[in-house]
Amino acid sequence: MKLEADLHVHTIASGHGYSTIKEIMTAAAEKGLKTVAITDHGLNMPQVF
């Protein structure tokens, strides 16, 4: 089975992820993924309204 998407990825913005968005996208492209969902959350996230 070939995976085409990772639908639950956290970046360093969540406080418990280990990669930046750019690092995640580079790794996803190297693995041949077509879709990545960044699912950051937490108290350290900036509030945007």
Enumeration of residues in the stretch 15-46 that are more than 22 Å from Met1 (Cβ to Cβ) and polar (S, T, N, Q): Ser19, Thr20, Thr26, Thr39, Asn44
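Select from the stretch 2-35 the residues that are part of a loop (DSSP other than H, G, I, E, B) and touching a residue at least 24 places away in the same chain (Cβ under 8 Å) and list them in ascending order. Quick ask: steps written out before the conclusion?
Residues of the stretch 2-35 part of a loop (DSSP other than H, G, I, E, B): 2-4, 10-11, 15-20, 32-34.
Lys2, Leu3, Glu4, His10, Thr11, Gly15, His16, Gly32, Leu33, Lys34 - these are the residues of the stretch 2-35 that are part of a loop (DSSP other than H, G, I, E, B) and touching a residue at least 24 places away in the same chain (Cβ under 8 Å).
Please go through the stretch 36-49 and pick out each residue that is in contact with a strand residue (DSSP E or B) (Cβ under 8 Å, 6 or more places away or on another chain) and in a loop (DSSP other than H, G, I, E, B). Please lay out each step first, then the result.
Let us first name the residues in the stretch 36-49 that are in contact with a strand residue (DSSP E or B) (Cβ under 8 Å, 6 or more places away or on another chain), namely 36-39.
Across the stretch 36-49, the qualifying residue is only Thr39.
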Of all residues making up the stretch 20-49, the number that are at pLDDT below 95 and in contact with an Asp or Glu (Cβ under 6 Å, 6 or more places away or on another chain): 0
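The values are calculated or read from the model by the stated rules, or taken from the named source; none is laboratory data. If you're wondering where the values come from, they're calculated on a predicted model, not measured in any experiment. Note that each Cβ is placed from the backbone with ideal geometry, even for glycine, and that neighbours are counted across all protein chains shown.
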